[in-house]
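First comes the structure, then the notes that go with it.
The values are calculated or read from the model by the stated rules, or taken from the named source; none is laboratory data. Every value quoted in this text rests on a predicted model; they were computed, and no experiment measured them. Counting neighbours? That spans all protein chains shown, and the Cβs are built from the backbone with ideal geometry, glycine included.
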Amino acid sequence: MKKPSAKIKEEIARLQEQLKTAETREAERIGRVALKAGLGEIEIEEAALLAAFEDLAGRFRGGGGKSTGKRNAATAKSASDATATLASGTAQGGDHEA
């Protein structure tokens, strides 16, 4: 039996709220880990930090640390520096949150 459109819209709204809650929880977790690693004290452009996070995510996904190519050549060096900082900061942090 097919659902009426009103029920589908209610379900979509409920799922969007669940997604928002899950994303908030994930962002808070990642933020806590980043602060423990000392990223809150680093002066770095957002584009370079994003590229470093993309490289880090690729490394854990088994992609060899390749970014999605969203950064430009001007930020490539600072992004690789940020990746090194992320890697060394994480290793020094000692506390690993799962």
* Asked: Can you tell me how many residues in the range 36-61 are surrounded by 12 or more Cβ atoms within 10 Å (Cβ to Cβ) and either touching a Leu at 6+ places or on another chain (Cβ under 6 Å) or in a helix (DSSP H, G or I) (or both)?
  -> 15
* Pair list, Cβ under 6 Å, 6 or more apart: the range 37-51 residue on the phi > 0 side of the Ramachandran plot and modelled with pLDDT of 90 or more, other residue surrounded by 14 or more Cβ atoms within 10 Å (Cβ to Cβ) and not charged (D, E, K, R) -> G38/G89
